[in-house]
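Below: the structure, in structure tokens.
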């Protein structure tokens, strides 16, 4: 109001009570709950007007509204609003950077989002089943067995990229791990054996079988049942189709290279 910024200090059933944001200034304004002016704000402020603060406040509120109502990344919202802002050069110069305001807006967005489900039984809001341009994103929502639910998300563009690619990189997160972690951490010989198995995929294709037999021979000094089970698992599941996982001669051998 008149290039001064006020903050809401108190609310009643019908009235909002606003005070100047500058500490020590006693000017106040009263409005109804729709922010229509009732009274106040006619006395002289004890400080000069600061129109830049008002411009900054209005821009921040616009960014906040979009963050709460859209799924657009916060950084993208910030860039879009700053690119079309009508703020003065002074206001732009003192406006917070995206890094300075990101965490605050991220908390605002989290509060506006649905609570994290505690089980597989929950409804997915429509906005999370579509892309930003309102095209399908949730491809499959299926309950396979009791307490297990399969969700598949992808846009049509992503599917086109997938089906037209000659090489596909995959990654996964597992609900449980093999019970070999402590053994791997505490036994240097067992750790070396595991690393040899992992290195088989980097060797020439025609040397894969012989190299695995070398690993089996080296494992004779590790007669533990866990070692025997690991080698048996590897032979049964991986040695029958070495071409599928052999990476020798490829430029990209790990997911990290292409991320």
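The values are calculated or read from the model by the stated rules, or taken from the named source; none is laboratory data. Please read all numbers here as calculations on a predicted model, not as lab measurements. Methodologically, a virtual Cβ is constructed for each residue, glycine included, from the backbone with ideal geometry; neighbour enumeration extends over all protein chains shown.
Of note:
- Residues being under 24 Å from residue 246 (Cβ atoms) and in contact with a strand residue (DSSP E or B) (Cβ under 9 Å, 6 or more places away or on another chain) - total across region 144-176: 0
- Candidates 199, 218: the one that is surrounded by 13 or more Cβ atoms within 10 Å (Cβ to Cβ) and in contact with a helix residue (DSSP H, G or I) (Cβ under 9 Å, 6 or more places away or on another chain) is 218.
- Listed here are the helices (runs of 4 or more DSSP H) enclosed by region 165-256 that have at least 3 residues being under 34 Å from the mean Cα position of the chain (by Cα) and at pLDDT below 85: 181-186.
- Failed item in (1) out of contact with any helix residue (DSSP H, G or I) (no Cβ under 9 Å at 6 or more places or on another chain); (2) part of a loop (DSSP other than H, G, I, E, B), with residue 159 passing the rest: (2)
- Total residues in region 126-155, condition more than 18 Å from the chain's Cα centre (by Cα) and exposed (fewer than 12 other Cβ atoms within 10 Å of the Cβ): 13
- For beta carbons closer than 8 Å, sequence separation of 6+ or different chains, a first residue in region 130-143 that is under 9 Å from residue 156 (Cα atoms) and a second that is part of a loop (DSSP other than H, G, I, E, B), the qualifying pairs are 135/155; 136/129; 136/155; 137/129; 137/131; 137/154; 137/155.
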